[in-house]
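Okay, so here's the structure we're looking at.
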């Protein structure tokens with residue numbers, strides 16, 4: 001496995017908690033900055049250019065708890081959505097682009113099915129365009145108050161916060177995961193990985 005370049009450096013400093021648990025402190029460079037702490041008790045905590053992120057997983061019950069937890073973090077390569085969801089901790093941002101697309105799709109369906117005539121579909125389309133719902137949830141709320149579409153609240157879509165997505169895609173997967181892989185391969189656990 002290739003060593004990281006200087007601009008992509010990941011430094012590791014093993015620490016010891018007061019109760020004797022190993023804490024791995026990763027300092028990631030080359031993607032802005034990130035300070036990431038992993039504990040054998042299943043905690044990931046980070047401060048970075050991408051915000052503050054933390055999550056606690058149930059710790060492994062047996063074996064090398066730190067190694068088992070690190071293997072869980074390696075799962076990010078296979079399922080980035082899982083990690084984005086965990087680190088977003090229920091936070092969601094309004095997704096105006098998807099909301100607008102789905103409402104337009106529904107208007108077309110209602111017209112195609114014959115449930116709305118041409119005039120009614122045009123009226124709803126124009127209302128949608130005039131509200132500018134792509135930018136702000138408040139504009140979606142104004143549209144929702146004015147539309148005759150059934151159950152309009154069903155068309156409000158959300159997405160994980162962009163800073164959490166960027167943290168997983170720019171730090172966890174390309175930087176932290178390879179550093180953990182090198183750490184697990186090296187029985188001496190070098191400080192600079």
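Summary of computed values
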| read-out | value |
| --- | --- |
| Among (1) under 30 Å from residue 40 (Cβ atoms); (2) touching a strand residue (DSSP E or B) at 6+ places or on another chain (Cβ under 8 Å) - the single one residue 137 does not satisfy | (1) |
| Output for the range 150-162, where each listed residue is crowded, with 18+ Cβ neighbours inside 10 Å and either touching a strand residue (DSSP E or B) at 6+ places or on another chain (Cβ under 6 Å) or part of a helix (DSSP H, G or I) (or both) | 155, 161 |
| Strands (runs of 3 or more DSSP E) contained entirely in the range 8-94, each with at least 1 residues that are in contact (Cβ under 8 Å) with a residue 24 or more places away in the chain, assigned by TED's automatic domain parsing to the domain that holds residue 169 and exposed (fewer than 13 other Cβ atoms within 10 Å of the Cβ) | 10-16 |
| Test result for residue 40, modelled with pLDDT of 80 or more and within 15 Å of residue 184 (Cα to Cα) | yes |
| Cβ pairs under 6 Å, 6+ apart, first in the range 132-157 and in contact (Cβ under 8 Å) with a residue 60 or more places away in the chain, second in a helix (DSSP H, G or I) | 156/99; 156/140; 157/98; 157/99 |
| Any hit, the range 98-114, residues being surrounded by fewer than 16 Cβ atoms within 10 Å (Cβ to Cβ), in a loop (DSSP other than H, G, I, E, B), modelled with pLDDT of 95 or more and not assigned by TED's automatic domain parsing to the domain that holds residue 41 | yes |
| Meets criteria (outside the structural domain of residue 43 (by TED's automatic domain parsing), outside any loop (DSSP other than H, G, I, E, B), at pLDDT 90 or above and within 28 Å of residue 165 (Cβ to Cβ)) for residue 138 | yes |
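The values are calculated or read from the model by the stated rules, or taken from the named source; none is laboratory data. Since this is a predicted model, take the numbers as computed values, not measurements. Counting neighbours? That spans all protein chains shown, and the Cβs are built from the backbone with ideal geometry, glycine included.
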